[in-house]
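Okay, structure first, notes after.
The values are calculated or read from the model by the stated rules, or taken from the named source; none is laboratory data. Treat the numbers as computed from the prediction; the structure is a model and nothing was measured. Every residue, glycine among them, receives a Cβ derived from its backbone with ideal geometry; neighbour counts consider all protein chains shown.
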Amino acid sequence: MTKLAEKQGQLLFEGADWDFATLQRIHDACEEIALGELGLDVYPNQIEVITAEQMLDAYSSTGMPLFYRHWSFGKHFAHHEAFYRRGMRDLAYEIVINSSPCISYLMEENTATMQALVIAHAAFGHNHFFKNNYLFKLWTDAEGILDYLDFAKGYIARCEARYGEAAVERTLDAAHALMSHGVHRYAGKTKVDLRDEERRQQERRAHEEQMFNDLWRTVPTGPKRSGADLDIEKRRAALGLPQDNILYFLEKSAPRLRPWQREILRIVRHVAQYFHPQRQTKVMNEGTATYVHYRIMKRLHERGQIADGHYFEFLKSHTNVVFQPAYDDRRFSGFNPYALGFAMMQDIERIVTNPTDEDRDWFPDIAGRGDPMEVLRGVWADYRDESFISQFLSPNLMRQLRLFQLHDDPEMSEGILVAAIHDERGYKRIRRQLAREYDIGWTDPGIDIVDVDLAGDRRLLLQHRASNDLLLEESETKQVLQHLADLWGYDVLMQEIDGAEKVTKEHLARPRHGLFSNGSHP
């Protein structure tokens, strides 16, 4: 591999073509700026070049390498491929994996300029965010994720060979349906060392072959006893209730699941936990990577390492990435996370380096600090989307984006009202409402397992607390509860609770007996 040209003014590449030596020069030049000038802290980089078809395949399996097989991935592949072949959809220039080393997949169809852009964006922007943001540090194991995926793929393949693809597929279908309710949401849980999971699985297998669940030994098989025969609090404590991690509860306590099925639930749960921080940091993550690639590409051009024509090519792509349609544009479908995140990063840079009196009133801790990268690195480490927006969305940026808040009250004959405008109170309401849209505690349904009727029919009781007064969609709720009942093995009842602690609706699902095969250990 060639070394980075020591003299500024020497072009990294000419024309659109590139080879692996060119990629090395681009990577080294970006690294020099990212680490030396921006002060980024990254995992070691591993860059893979893939074809368009391989990129489509990565799309289908949520961008993860070494993923296990499932029919839904093939469905997604066919969907994306059909749109891509018709010219109705472009592909991403890259996919980046939160692992150590950090793996960046680059499309071989990219020009040299685009390869420079995505290396700056993914290999340094996303990489720094993955390594330093508190949510990723708290919940993900970048060192062990690739080894764990390799173990999971092999384990599920062995299960398919021993118990049949149909039985494994049904288990995966049910687990995937509950995937968004298979994460630990609060600190205090021990982060799993994924590299050690294969050994732990073997230990669990040996233990389960010798033991049985003593809790279920006490379940009555005769006539129903009164509730007084069992102490409610002790029963809930023994089952770890209430519990919002439904997959975790089923893995530990579902009485009819076989050990291999419990392990599959555990695999899906770990994958869900891996993606959980990404759901909470979409704006910040993409905003960070976009800001970093913009700073790096600009410096490469200033240093004479990228020609004017290539820089214009970059600017065109960058402008497309951060394009935000207006609310009355037919293309509007919400906020573009690249656009919002990048705009906020640039606005923070402005506040730190050239604040107005308004900025000093709203952001006294950072206004005029003088070192934007020091402030931004701290922001990238300590916030998620909801808290980031609620703390750093400025009145200046709200005016630029022309933000306002509407209130649609069906009980009012006047129809839609403007609830917040550009005054001090309006700025705070707009910021608070926009931040709430990125709070998964507000947008995701809050569902807890609260009890099990051990004295009777072993019915599982769940409660959905509609804190925002929105009930669950009927058909989807029915399908998901059916999967839950199949895994539990007995009836499942879910109550929807309103703000006044009243049960407004109930959903009941009964298991489809015999749906899962009764196998032994793989």
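Which residues, taken from region 335-350, are more than 11 Å from Leu393 (Cα to Cα), in a helix (DSSP H, G or I) and either in contact with a Pro (Cβ under 9 Å, 6 or more places away or on another chain) or of a type in the set (Val, Ile, Thr) (or both)?
Glu349, Arg350
Using the structure shown, decide if Gln305 is assigned to a helix (DSSP H, G or I), of a type in the set (S, T, N, Q) and at pLDDT 95 or above.
For Gln305, the condition - assigned to a helix (DSSP H, G or I), of a type in the set (S, T, N, Q) and at pLDDT 95 or above - is not met.
Report yes if some residue within region 261-284 is crowded, with 23+ Cβ neighbours inside 10 Å, more than 25 Å from Glu143 (Cα to Cα) and not hydroxyl-bearing (Ser, Thr, Tyr); otherwise report no.
yes
When only residues in region 368-394 that are surrounded by fewer than 20 Cβ atoms within 10 Å (Cβ to Cβ) and of a type in the set (Gly, Ala, Ser) count, which is farthest from Phe136 (Cα to Cα)?
Once the filter is applied, the top-ranked residue is Gly368.
Just the residues that are more than 16 Å from Ser180 (Cα to Cα), among the charged types (D, E, K, R) and in a helix (DSSP H, G or I), please, taken from region 452-477.
Glu474
Just the residues that are modelled with pLDDT of 85 or more and assigned to a strand (DSSP E or B), please, taken from region 419-451. Step through it out loud before you land on a result.
In the first step, residues of region 419-451 are kept if they are modelled with pLDDT of 85 or more; the result is 427-440, 444-451.
Those that are modelled with pLDDT of 85 or more and assigned to a strand (DSSP E or B): Gly446, Ile447, Asp448, Ile449, Val450, Asp451.
Checking the structure you have, find out if any residue of region 74-86 is out of contact with any Cys (no Cβ under 8 Å at 6 or more places or on another chain), farther than 20 Å from Leu12 by Cα and at pLDDT 95 or above. Full working, then the answer.
In the first step, residues of region 74-86 are kept if they are out of contact with any Cys (no Cβ under 8 Å at 6 or more places or on another chain); the result is 74-86.
Among the residues that remain, those that are also farther than 20 Å from Leu12 by Cα are: 74-86.
Adding the requirement that they be at pLDDT 95 or above leaves none.
Checked region 74-86: no residue is out of contact with any Cys (no Cβ under 8 Å at 6 or more places or on another chain), farther than 20 Å from Leu12 by Cα and at pLDDT 95 or above.
Which pairs have Cβ atoms under 9 Å, sit 6 or more apart or on different chains, and link a residue in region 330-344 that is on the phi > 0 side of the Ramachandran plot to one that is surrounded by fewer than 21 Cβ atoms within 10 Å (Cβ to Cβ) and modelled with pLDDT under 95?
Gly334/Glu437
Test of understanding: among Leu471, Leu454, Leu461, which residue is at pLDDT below 90, among the hydrophobic types (A, V, I, L, M, F, W, C) and in contact with an Asp or Glu (Cβ under 6 Å, 6 or more places away or on another chain)?
Selected residue: Leu471, the only one of Leu471, Leu454, Leu461 that is at pLDDT below 90, among the hydrophobic types (A, V, I, L, M, F, W, C) and in contact with an Asp or Glu (Cβ under 6 Å, 6 or more places away or on another chain).
Looking at region 353-367, which of its residues are of a type in the set (Asp, Glu) and surrounded by fewer than 12 Cβ atoms within 10 Å (Cβ to Cβ)? Steps first, please.
Step one: of region 353-367, the residues of a type in the set (Asp, Glu) are 357-359, 361, 365.
Matches in region 353-367: Asp357, Asp365.
Are any residues in region 111-158 in contact with a Phe, Trp or Tyr (Cβ under 7 Å, 6 or more places away or on another chain) and outside any helix (DSSP H, G or I), and if so, which ones?
Matches in region 111-158: Asn133, Thr140, Ala142.
Of all the residues that make up region 105-124, how many are among the hydroxyl-bearing types (Ser, Thr, Tyr) and crowded, with 24+ Cβ neighbours inside 10 Å?
1
Considering only residues that are crowded, with 20+ Cβ neighbours inside 10 Å and under 18 Å from Arg266 (Cβ atoms), which ones fall in region 131-145?
Matches in region 131-145: Trp139, Thr140, Asp141, Ile145.
Have a look at Leu257, Leu239, Leu247, Leu215 and point out the one that is modelled with pLDDT of 90 or more, over 27 Å from the mean Cα position of the chain (by Cα) and over 30 Å from Gln115 (Cβ atoms).
Result of the check over Leu257, Leu239, Leu247, Leu215: Leu257.
Taking only pairs six or more apart or across chains, which ones have beta-carbon atoms under 7 Å, a first residue in region 460-483 that is farther than 11 Å from Glu496 by Cα, and a second residue that is at pLDDT below 90 and part of a helix (DSSP H, G or I)?
Sorted first by the residue in region 460-483, then by its partner, the pairs are Asn468/Trp442.
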